[in-house]
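Asker: Okay, here's the structure, questions in a sec.
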Amino acid sequence: MSIVVQEIEAPRVAGRRRLRLLTKRFLRRPMAVGGLLVALAFVIVAIFAPLLAPYSPGHTDFDAVLAHSSSKHLLGTDDLGRDVLSRLIWGTRASMQVGVFATLLAMVVAVPIGMIAGYYRGWVDQVIARLTDVLLAFPFLILAVGLAAILGPSLLNATLALGIGSIPGFIRIARGETLTLREEDYVPAAVLNGANDATIIFRHILPNMTNTLIVQATLTIPGAILGEAILSFLGVGVQPPTSSWGTMLQEAEPYLTQAQRLSVYPGVAIILAVLAFNVFGDGLRDVLDPRTTR
Amino acid sequence: MNDAAPALEVESLVKHFTSGRRIGSGGGTVHAVDDVSFSLRQGEMLGLVGESGSGKTTLANCVVRLHEPTSGSIRLHGRDITHLSRRDLRPLRRDLHMVFQDPYSSLNPRMTAGEIVGEPLRLHRLAGRKVRTGRVAEIFERVGLGPEHRFRYPHELSGGQRQRVGLARSLILNPSVLVADEPVSALDVSVQASILNLLRDLQRDMGFSCLFITHDLATVEFLCDRIAVMYLGKLVEVASRDEIFRDPEHPYTQALLSAALVPDPAEQRQRRRVVLEGDPPSPLDPPSGCRFRTRCPLHDLSAPDSDEIEPPLREVSPDHLVACHLSAPGSKTPRIADPPVTTPVTG
């Protein structure tokens, strides 16, 4: 009986042991832990925005236009008397959505392409790698702004534009990792086991590059968040009256001299979110790097 | 035993790599394996010896069809597998496996040892989950691993244990031919012996034929029935172990064996030894005629033949093949060094 239990439990124990080691290493990095907590806070705010926001983002209070902080409006109101805190909370939702979905989109599209290029090499690789280089030659934001302008301004299109803009980076990483990993002896060993290409790619190569992909994702999300803000500020992203950090900045711009706080709040939110994800991603990279001993 | 059909037959195998750019002068053809023929008999352990860069590993990779041979043929139990597609080859993979040199790179770090060893069964759809677990447990015991090791990840195992896992993976389908590419050279000397013993016991029990590649003469002497010596992509001598160690013919074999140590220091000091000069020539541009002529201590005797004509690998006495102009049936190559006195192998 005890033997049976042990056999069922053992594989999970091995996985858990690794997780515990990684957690221990992660907890040793206060910056990364802080980043994770702040990032998590933003995600929670985004998910529960309707419950957390005291007002709806479009609710106008004409008795308090450009009002300072008060018990009624914790962060004051904007030029139309809308509650800044509520708009900030709803804006978090837009920013997180764009950040996460743009990154997911880029991963789903780019990873298979990059892996095919790296695994088969030859002319397929030549074509994909050159196209990637061409795309990478455009600065990320220029590419995203151009795409968003073509697609038309909306939250979905901003996500698409930023996602497509993130694709070449992911392709390059997936391709590079595949090129390295296919040289490991367990790949020819799998061939000798009778594995086909799909088995080799998905069972032997992909699981070994998840670390790199996770790190790349946590570093792409802040890029997309920042991108969303910029697109919305330029008017090719989220459209007013929908609230996002970018639109808030844009709307605050004419009042820069009278009510700087309207620019400061969304600005701080953007900085905090981007910094949190970046710091968390950096910490994660260190922890997952097999050469890390600490 | 010699009459049975060979497990593996390799005939005039050639593997060339084109290297570098076509523009400019950097390009060329690397003659990694050049016209190599040998056969691996049923149940035999054939040692392939040669220094680094002599083409041993390329030959092994061609034999298991990881590399496409440039020309020549490979027959597995009489069936030509040289030009089979990867798909057609798949069912035959059951009969042919390989142990890799580096036990750190040959195991997928994301799979447990049990999953790694059970993978061939899974891919060939030979057994359901339960039967697979049983078979894996059985082979683990056979290679000297405990049942608890099945749930370990490769990084939790020692080098010797990893190589045992590699061996278990290669043997779980009960192949008739095993290619072992320097399976112990990445291990500690103390662990080497136990792996070699294991390999020998497994071969005796399971009866597979084994092409054992190494640069270590002590290993082949311990393990192998026959020995093939490789130099710069060519076989220079093939004979039984005892014959090679007692009576090496080819000057390269003689030089190689004279580099092997004898346990008794007094005896070692008195041996006549020959040290080859220089490095092996580049396989990008192998010498004309005999490939060994640039370093051959007997070059004065073999010139001018050896400068122009490539000596064929021919039988000079029963089951003893040599590729040297100075060696022919009935006429021996001059002895230039004393072979290490063979100590009787126990077991």
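Asker: Starting from the Cα gyration tensor of the stretch A:200-294, take the square roots of the eigenvalues, sort them a ≥ b ≥ c, and report rounded, prolate or oblate (rounded when a/c is under 1.5, otherwise prolate if a/b is larger than b/c, else oblate).
Answerer: Oblate, since a/c reaches 1.5 and b/c is not below a/b.
Asker: To the nearest 500 deg cm²/dmol, what mean residue ellipticity at 222 nm is calculated for chain B from DSSP H runs of n ≥ 4 alone, each contributing -39,500 (n - 2.57), summed and divided by the residues?
Answerer: Only helices count here, giving -8000 deg cm²/dmol.
Asker: Hey, if you put +1 on the Cβ of every Lys and Arg and -1 on every Asp and Glu Cβ in the stretch A:58-149, which of A:Ala129, A:Gly81, A:Leu66 ends up farthest toward the positive end of that dipole?
Answerer: The listed residue farthest towards the positive side: A:Ala129.
Asker: Give me a single rounded figure for B:104-111: the average over its residues of other chain Cβ atoms within 10 Å of their Cβ.
Answerer: 6
Asker: Okay, moving on. Just how large is the dipole of the stretch B:248-347 about the Cα centre, in debye to the nearest 20, putting +1 at every Lys and Arg Cβ and -1 at every Asp and Glu Cβ?
Answerer: 360 debye
Asker: How large is the dipole of the protein assembly as shown about the Cα centre if only Lys and Arg carry +1 and Asp and Glu carry -1, each at its Cβ, rounded to the nearest 20 debye?
Answerer: The dipole of the protein assembly as shown has a size of about 1840 debye.
Asker: Using amide H atoms built in the peptide plane, which far-off residues or other-chain residues are under 5 Å from A:Leu80 H to H?
Answerer: So A:Leu80 has HN proximity to A:Leu66.
Asker: For the peptides A:89-96, B:58-65, what is the packing order when you average, over each peptide's residues, the other Cβ atoms within 10 Å and list the highest mean first?
Answerer: A:89-96, B:58-65
Asker: Relative contact order of the stretch A:121-206, please, whole-number percent, based on alpha carbon pairs below 8 angstrom and at least 6 residues apart.
Answerer: Contact order relative to length: 24 percent.
Asker: Treating the angle as unsigned and between 0 and 90°, give the value, to the nearest 10°, between the Cα long axis of helix A:261-288 and the longest Cα principal axis of chain A.
Answerer: 10 degrees
Asker: For B:Asp264 and B:Ala303, what is the calculated FRET efficiency with R₀ set at 60 Å and r taken between the beta-carbons, to the nearest 0.05?
Answerer: Efficiency at R0 = 60 Å is approximately 0.95.
Asker: In a GNM of chain A with a 10 Å cut-off on Cα contacts, which of A:Val108, A:Val33, A:Val215 has the highest mean-square fluctuation?
Answerer: A:Val108
Asker: Run the simple label-point estimate for A:Val65 and B:Asp338 please: 7 Å along Cα→C-beta, distance reported in nm.
Answerer: For the pair A:Val65/B:Asp338, the computed spacing is 11.1 nm.
Asker: Placing +1 on the Cβ of each Lys and Arg and -1 on the Cβ of each Asp and Glu in the protein assembly as shown, which of A:Thr257, B:Ala328, B:His215 has its Cα farthest towards the positive end of the resulting dipole?
Answerer: So the residue we want is A:Thr257.
Asker: Right, here's the next one. Against the longest alpha carbon principal axis of chain A, how many degrees, from 0 to 90 and to the nearest 10, is the axis of helix A:2-27 turned?
Answerer: 50 degrees
Asker: Now a separate question. Given a cut-off of under 8 Å on Cα pairs at least six residues apart, what relative contact order in percent is computed for the stretch B:170-229?
Answerer: 43 percent
Asker: Kindly state, to the nearest 0.05, the FRET efficiency for A:Leu21 paired with A:Ile271, given R0 = 35 Å and r defined as their beta-carbon distance.
Answerer: So, using R0 = 35 Å, E works out to roughly 0.60.
Asker: For the stretch B:248-347, what does the alpha-carbon gyration tensor say about shape, rounded, prolate or oblate, given a ≥ b ≥ c as the root eigenvalues, a/c under 1.5 as rounded, and a/b over b/c as prolate?
Answerer: Prolate is the answer for the stretch B:248-347, as a/c is 1.5 or above and a/b outweighs b/c.
Asker: Using only alpha carbon pairs under 8 Å that are at least six residues apart, calculate the relative contact order of chain B and give it in whole percent.
Answerer: Here the relative contact order equals 19 percent.
Asker: At what distance in nm do the modelled label points of A:Trp123 and A:Leu156 sit from each other, each positioned 7 Å from its Cα along Cα→Cβ?
Answerer: Taking the simple label geometry, A:Trp123 and A:Leu156 are separated by 3.8 nm.
Asker: Kirkwood hydrodynamic radius of chain B from all distinct Cα pairs, in Å?
Answerer: 21.4 Å
Asker: Just by accessible area at a 1.4 angstrom probe, what is the order of B:Leu187, A:Leu104 from largest to smallest?
Answerer: A:Leu104, B:Leu187
Asker: For chain A, give the magnitude of the charge dipole about the Cα centre (Cβ charges: +1 Lys/Arg, -1 Asp/Glu; no others), in debye to the nearest 20.
Answerer: 1000 debye
Asker: How much accessible surface does B:Phe151 have with a 1.4 Å probe, in Å² rounded to 10?
Answerer: 40 Å²
Asker: Given the -39500 (n - 2.57) contribution per DSSP H run of 4+ residues, what per-residue ellipticity at 222 nm results for chain A, rounded to the nearest 500 deg cm²/dmol?
Answerer: Using -39500 (n - 2.57) per qualifying helix, the result is -25000 deg cm²/dmol.
Asker: Okay, moving on. Sort the protein assembly as shown into rounded, prolate or oblate with this rule: let a ≥ b ≥ c be the square roots of the eigenvalues of the Cα gyration tensor; rounded if a/c is under 1.5, and if a/c is not under 1.5, prolate when a/b is larger than b/c, oblate otherwise.
Answerer: Taking the square roots of the gyration eigenvalues as a ≥ b ≥ c, the protein assembly as shown is prolate.
Asker: Next question. Applying 1/(1 + (r/R0)^6) with R0 = 56 Å to the Cβ-Cβ distance of B:Thr133 and A:Leu136, what FRET efficiency is obtained, to the nearest 0.05?
Answerer: So, using R0 = 56 Å, E works out to roughly 0.70.
Asker: Continuing with this model, one more query. Provide, for q = 0.10, 0.14, 0.16, 0.18 Å⁻¹, the log10 of I(q)/I(0) from a solvent-free Debye sum over equal Cα point scatterers in the stretch B:1-152.
Answerer: -0.50, -0.90, -1.07, -1.20
Asker: So if I take the centroid of the Cα atoms in the stretch B:27-75 and the same for the stretch A:185-250, what is the distance between those two points in Å?
Answerer: If we compute the Cα centre of each part, the gap is 43 Å.
Asker: Within 10 Å, count the other beta carbons around each residue, average over each peptide in A:19-25, B:111-117, and list them highest first.
Answerer: Ranked from most to least packed, the peptides come out as B:111-117, A:19-25.
Asker: Are there DSSP H segments in chain B that both extend 24 Å or more along their axis (alpha-carbon positions) and score a mean Kyte-Doolittle hydropathy of at least 0.0? List them, or say none.
Answerer: The qualifying helices are B:189-206.
Asker: Answer with one residue from B:Ala5, B:Ala259, B:Ser306: the one whose Cα lies farthest towards the positive end of the charge dipole of chain B, charges on Cβ with Lys, Arg +1 and Asp, Glu -1.
Answerer: Toward the positive end, the furthest listed residue is B:Ala5.
Asker: Sticking with this one: With labels modelled as points extended 7 Å from the Cα through the Cβ direction, what inter-label distance (nm, one decimal) is found for B:Asp188 paired with A:Leu51?
Answerer: 5.7 nm
Asker: Follow-up question, since we're still on this one. Would you list which lysines come within 25 Å of B:Lys56, measuring only between C-alpha atoms, while excluding same-chain residues fewer than 8 positions from it?
Answerer: B:Lys15, B:Lys234
The values are calculated or read from the model by the stated rules, or taken from the named source; none is laboratory data. Just so you know, these numbers come straight off a predicted model, no measurement behind them. Neighbour counts are summed over all protein chains in view; Cβ atoms, including those assigned to glycine, are modelled from backbone coordinates with ideal geometry. Areas reflect the complete protein model, heavy atoms only, side chains present, ligands, DNA and RNA absent. Shrake-Rupley method; radii C 1.70, N 1.55, O 1.52, S 1.80 Å.
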